[in-house]
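The structure appears right after this line, and notes come after that.
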Amino acid sequence: SKKYHLFGFPIAVAHSAAPTLHNHCFKSLGTESTYTIWSTSKVTEEMLAVIQDDNCGGAAVTMPLKTAIIPFLDELAPESQVTNACNTIVKVPTPEGRVKLVGQNTDILGVRNALLAALREQHQSSTVPSDASASYPLKPALGPFTGLVIGGGATTRSSAQALTLLGLSPIFLINRDEKEVQDVKDAMKHLEFIHLRSPADVETHLVGEGKARILMAVGCIPSFAPQTLAERMVYTTASAVFTIPYRIPTDTSLILPYPTQRLFLEMPYKPLETTMYKVASAHGWYVIDGIQAMIEQGFAQQRMWLRGVASVTVGSDPVILGKQLEDDARRATRAFLTDSTTRDATAVGVGKEVDRAEGREAAVSTVSRLQRGMGLGGQGWLACDLGHYD
């Protein structure tokens, strides 16, 4: 048995579904491993000692530590490199008998795998792959297949990368803030983004023969009632996209089937049916709630920890945990999040969340483990030039 922790602060201990999901998985796998919340606002020496201890099987990292943890890791998976964010630490054994700390961003896989799961629901008689081959053709004959993200923060960047892994490009962005859009572009220069500011932009880029065709979209904005003209324009522009007529593409897709209804994943799930969720559903899109993405990213973490491999293929392989375990874990996690009685019962006895880093200095890495990796055990471990990420 091993100990696993979620590091960050504040986490809302009484209402976090992560322990429910992970501890259900550990118990179903027949282990005595445990997953607990470790509240800290800084990467401290104490936190690092916990991660490096042999009793620690791996870790999850949330805000405000997703970038701060990076200098203390041995390696970054490609998905963490391109977003400059780590929410999962996998302890990977090496041929020399050492263990290296590999950072991964399973938020990307949460989005990707939730969308693939929706495709399976639409095409139950077809095989929808889970590995890295799950991608649409980059240059279809009748115009590019693209994705849409509504938002501009960290979740937007993970969602954009997830859509790109599925072969969707360019990525259209709806956002009221020009600076946020530019920040996304600057942070992910390897992707092509097009900013949709108004319904007129939708007409220009998406309406007509040979224009780009959006197959999937992800919503990443909080569910607050829009107050300003700029906020209302976000919903107006999104509605212009949602109302574009959809015909299932006739192009030959050798790997992924096309959606019978276009897919919309709404990441916020409090409330479960947000305003954007209702708008997309009213216009005939196939809507997936954010609980599904949260669960899928948790499964990705479980698979990587179990195999000791921080890859898209391992993180997306449903065989590792098995269908029965995953179905049971989904039900338990969804019940926790949607049943207020269950949450209230869990909250009984949970006191005020305490920041373990209060009054302590953050750990300092003058030379990151990533940078000195060439000297560790003779391994040419990954060193990367990370772009800006906030």
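The values are calculated or read from the model by the stated rules, or taken from the named source; none is laboratory data. Predicted, not measured: the structure shown is a model, and the values here were computed from it. Note that we place each Cβ from the backbone using ideal geometry, even for glycine, and neighbour counts take in every protein chain shown. For accessibility, only protein heavy atoms count, side chains too; no ligands or nucleic acids. Shrake-Rupley method; radii C 1.70, N 1.55, O 1.52, S 1.80 Å.
Screening the candidates ARG247, ARG331 for the property of being closer than 21 Å to SER130 by Cβ and free of Cβ contacts under 8 Å to residues at least 24 places away in the same chain yields one hit, ARG331.
For ALA217, indicate whether it is within 23 Å of the chain's Cα centre (by Cα), open to solvent by less than 40 Å² (accessible area, probe 1.4 Å), farther than 27 Å from LEU119 by Cβ and of a type in the set (A, V, I, L, M).
Against the criterion (within 23 Å of the chain's Cα centre (by Cα), open to solvent by less than 40 Å² (accessible area, probe 1.4 Å), farther than 27 Å from LEU119 by Cβ and of a type in the set (A, V, I, L, M)), ALA217 does not qualify.
For LEU115, work out the one condition from (1) open to solvent by 40 Å² or more (accessible area, probe 1.4 Å); (2) hydrophobic (A, V, I, L, M, F, W, C); (3) closer than 26 Å to GLN292 by Cβ it doesn't fulfil. Answer for LEU115: the failing condition is (1). Across region 50-68, a minimum of one residue is classified as open to solvent by 40 Å² or more (accessible area, probe 1.4 Å), of a type in the set (S, T, N, Q) and in a helix (DSSP H, G or I). When region 78-96 is limited to residues that are in a loop (DSSP other than H, G, I, E, B) and either out of contact with any helix residue (DSSP H, G or I) (no Cβ under 8 Å at 6 or more places or on another chain) or over 23 Å from ARG157 (Cβ atoms) (or both), the one that is least open to solvent (accessible area, probe 1.4 Å) turns out to be THR94. Condition check for LEU191 on (1) outside any strand (DSSP E or B); (2) modelled with pLDDT of 95 or more; (3) among the aliphatic types (A, V, I, L, M); (4) within 22 Å of TRP285 (Cα to Cα): one failure, at (4). Taking residues in region 266-295 that are more than 17 Å from GLY110 (Cβ to Cβ), and partners anywhere that are open to solvent by less than 10 Å² (accessible area, probe 1.4 Å) and not in a strand (DSSP E or B), the pairs with Cβ atoms closer than 7 Å and at least 6 places apart or on different chains are MET276/ALA238; VAL279/ALA238; VAL279/PHE242; ALA280/PHE242; HIS283/PHE242; TRP285/PHE242; TYR286/ALA118; TYR286/PRO259.
Do we have GLN182 as open to solvent by 20 Å² or more (accessible area, probe 1.4 Å) and either basic (Lys, Arg) or part of a loop (DSSP other than H, G, I, E, B) (or both) here?
No, not satisfied.
Please go through region 203-214 and pick out each residue that is open to solvent by less than 30 Å² (accessible area, probe 1.4 Å) and at pLDDT below 95. Selection gives ALA212 alone.
Take the conditions within 26 Å of ILE255 (Cβ to Cβ), at pLDDT 95 or above, open to solvent by less than 30 Å² (accessible area, probe 1.4 Å) and in a loop (DSSP other than H, G, I, E, B) and apply them to LEU163. Does it pass? If you could, list the steps in order and put the result at the bottom.
Values: within 26 Å of ILE255 (Cβ to Cβ): yes; at pLDDT 95 or above: yes; open to solvent by less than 30 Å² (accessible area, probe 1.4 Å): yes; in a loop (DSSP other than H, G, I, E, B): no.
The answer is no for LEU163.
Filtering region 141-160 to residues that are open to solvent by less than 20 Å² (accessible area, probe 1.4 Å) and in a loop (DSSP other than H, G, I, E, B) leaves GLY143, GLY151, GLY152. Scanning region 271-292 for residues that are in a helix (DSSP H, G or I) and more than 14 Å from MET216 (Cβ to Cβ) yields THR275, MET276, TYR277, LYS278, VAL279, SER281, ALA282, GLY290, ILE291. Residue count for region 225-270 satisfying the condition of being more than 27 Å from the chain's Cα centre (by Cα), assigned to a helix (DSSP H, G or I) and buried (at least 16 other Cβ atoms within 10 Å of the Cβ): 0. Selection of region 319-332 for residues being crowded, with 16+ Cβ neighbours inside 10 Å and more than 17 Å from the chain's Cα centre (by Cα) yields ILE320, LEU321, LEU325, GLU326, ALA329, ALA332. The selection criterion, being assigned to a helix (DSSP H, G or I), among the aliphatic types (A, V, I, L, M), at pLDDT 95 or above and open to solvent by 30 Å² or more (accessible area, probe 1.4 Å), holds for ALA200. Filtered by the rule that a residue be surrounded by fewer than 24 Cβ atoms within 10 Å (Cβ to Cβ) and either small (Gly, Ala, Ser) or closer than 19 Å to GLU296 by Cα (or both), region 97-112 gives a lone residue, GLY97.
Of the residues examined, PHE72 is one that is open to solvent by less than 40 Å² (accessible area, probe 1.4 Å) and either within 18 Å of VAL364 (Cβ to Cβ) or modelled with pLDDT under 95 (or both).
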